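Read the figures in this text as sums done on the coordinates, not as results from a lab. Keep in mind that this is a model prediction, so the values were computed, not measured. So basically every Cβ, Gly included, is an ideal-geometry build from the backbone, and we count neighbours across all protein chains shown.
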Amino acid sequence: MKQVKERIQRFMSVAADNPELLKAQHHAFVRQMPMMYFILLSSTWAVAMTHMRVAPWWLTTGVPVLLTAVCAGRVLHWHRSRHVDLTPERAVRVLGRITYLACGIACAFTAWSLLLFPYGDAYTQSHLAFYTAITVISCIFSLMHLRAAAVIVAVIVNGAFIAFFAASGQPTFVATAVNIALVSVGMLVILNINYGIFARMVNARTEARRKQEAQSRLLRMIDDMPVAVMTVDPESFDITYVNETSRSLIRSIEHLLTIKADDLIGSSIDVFHRRPEHQRGILSDPRNLPHNARINLGSEVLDLKVSAIIADDGAYLGPMLTWAIVTKEVEAERRIRQLAHYDTLTGLANRLTFRERMDARLTEPGAGPGLLFIDLDGFKLVNDTRGHRIGDELLRQVAERLRIVCDDPTITIGRLGGDEFAVLVPSDDGPALERLAARIIDALSAPYAFEHNRQVQIGASIGIAIAPMHGDSGESLLMRADIALYAAKAAGKGTWRVFSDDMEIRIQERARLQADLRAALKARDGLFVFYQPIIDAGSKTITSREALVRWHHPQRGWISPAEFVPIAEQSGLIDQLGEFVLNTACNDAAGWEDGARVAVNVSAAQLGKGTIAPAVLEALSRSGLSPGRLEIEVTETAMLDDENGGIGDLRRIRDMGVRVALDDFGTGYSSLTHLRAFPFDKIKIDGSFVRDAVERPESAAVVRAIADLGKRLGVTTVAEGVETEAHLNRVLEEGCSEVQGYFYGRPAPSDRDAATVMELNRAAARLAAV
């Protein structure tokens, strides 16, 4: 019973889950209800007229008047509601009331009809049956948009009359009842079909409106998007939509097109492409999409992205183009590629690009390639003394000269870093490579002109390696060319060398020597400090002794400082070696009875790090040596570049009371500038001038000039390289304060090491004798 009641309630209620259908039903009733009441009342009064002579007045007049009043009130209500747009909630309530009101009206009119039936004759009764049929039909079709109300009316009215006529036993009435029943079933079927059609139509219209609204919103959004958008007809290739961003961009490049921005819609998309047939082939077939392209349009570059617009059923509606002007971006990308692959200063291929081209060339069939590894001789001196601006301009001029000499599109020129360049030649012809190297050296060695009539002259050294003879990979070829370059520099610079196996052997020997030196410094084994006296020219007494490092190798014997000191400087071992000499010299000098000073050489590689001054202070503290008895000797090379604070280190050392001497004076660059930059305590004249002073007057003049300069500055001058009495007499005549050389004494070990050194020399002599 409960389930039946719930089903009746669901049938009588109105579905509230479709607001648009509710509103459509209400609007339909607003239009149809007046006509339904008109048909109902006109039919009712027609029946009342035919029964006035036979039926009581309250049935023929009273009830019709009452029903007319009710219906007129409803008509007035619907007339007032014709322009009201109900909310879905109110529409549910209104339609629900219609269902119950239809039930009440059906019962009222049915009861009135049945009450009139007994008073008439056969004609009036037939009229009454006809009235019932047409009234029900009109009500059903008027209520067809509210299925529950229409079914209720049909069931109440037709059900009552069918039962009444069937129970009469009269054949005509029984047949009428059967006919009404069949018609009722047909009308209900038609009602249900029409209601479904109505609901689907409303839903379709609602969905279409929603899609249209969504499309409108989408178009408004696309119009406001900062991205330029176009759509194109896939058959005619005419532009069908253009958003505002597209129009704005088109206005900025209208001078490059044959069309104006406001005339785009309806125009062919071909105006953007020099090859429209290619573009059409892409746009017409969704299988080609998505598609990305960049179009050059005059001086501008357009970035184009094309995607397919597909309908719900999978049909291809056409292409949608999003595009932008990316000229600046393309220029930036080109600049980034340039920075990534080319040297920013010279425009030559950088190390990465050069290596890639070399590796690619090595994989190609044919001869070569040959590699020329170039290093500029004297560039650092120019860069340090003239400044980086001149240095950069010099590198640019070097690059231009390389382009002129190597004027062949098959040759690759690269700057590998600093003042290192490389030339890759697609040839394994050794003599031809050597001739090219010679031309490059000649070109790079010519003077370079700068503003204000200034000139600079440098040189170049070149190492040559040839594939596959010297290596079949870019790494091995570069390594062998670098080895050959090292050999060219060792040969005196300004020349070229082709790699050979013995060069690599020497490099390997150098590497082994570096490892052995590192081990010797760690173990303090085989390293000694020798001392050479410096003599006062007047009193002939020893004023100081120069500390000179010596190394005895277990297999090679004594190794010249000219060989292992550069290795120490290049490998970073110079600080350890310098501290060893400094500490040893201070400890030995502290025990000298004559109180002479000790002179310790400091490499340029030790300055500018902020470590040399603390090392000097620690050596003095440990040994107890007075600062005034220590001299630090530096060459002019240490004075060339003060960017790292080398002069500052020397000032801190001098502030301790330690004397500072300028060694090898006269052989460097701008010596007088160095004397002005720092207050040296001693100037040591290079031995080459001293040895030549006897035979060459110009060398004697240099010695005299330096000696006079020292006197004027109040600086001691030391003549190095005094090996003979003639040398001694000459430097004394020229006015030198002190002398140093083999004439007065060769470098000798300290008393502590003398026996060990003697035994090492005896062992070496015995081995040589064998």
In degrees from 0 to 90, rounded to the nearest 10, what is the angle of the helix 751-769 Cα long axis to the longest principal axis of the chain?
90 degrees
Rounded to 10°, Cα long-axis angle of helix 646-655 versus longest principal axis of the chain
60 degrees
Each label sits 7 Å from Cα toward the beta-carbon; between TRP558 and LEU767 the label points are separated, in nm, by 1.4 nm
Can you tell me how much longer the chain between ASP233 and LYS328 gets when fully stretched, taken as 0.36 nm per residue apart minus their C-alpha distance, in nm with one decimal?
31.1 nm
Inter-centroid distance (Cα atoms) of region 498-556 relative to region 721-770, Å:
15 Å
Give me the distance in nm between label points sitting 7 Å out from Cα along the Cα-to-Cβ direction at ILE310 and ASP263, one decimal.
3.8 nm
Shape category assigned to the chain from the gyration tensor of Cα positions, a/c cut at 1.5:
prolate
Folded to 0 to 90 degrees: helix 561-571 orientation relative to the chain principal axis, Cα:
10 degrees
Could you name the aspartates and glutamates in cross-link range of LYS522, using Cα to Cα under 15 Å and dropping any fewer than eight places away on the same chain?
ASP575, GLU579
By average Cβ neighbour count within 10 Å, what is the ranking of 371-381, 427-437 from highest down?
371-381, 427-437
Just to confirm my numbers, what's the Cα centroid distance between region 95-133 and region 571-610 in Å?
134 Å
Length gain on complete extension for the stretch VAL174 to ARG746, per 0.36 nm per residue less the alpha carbon to alpha carbon distance?
190.3 nm
Spin-label pair TYR119/HIS79, simplified geometry with 7 Å Cα→Cβ offset, distance in nm
3.0 nm
Normalising by the residue count of the chain, find the relative contact order in percent from Cα pairs under 8 Å and 6+ residues apart.
6 percent
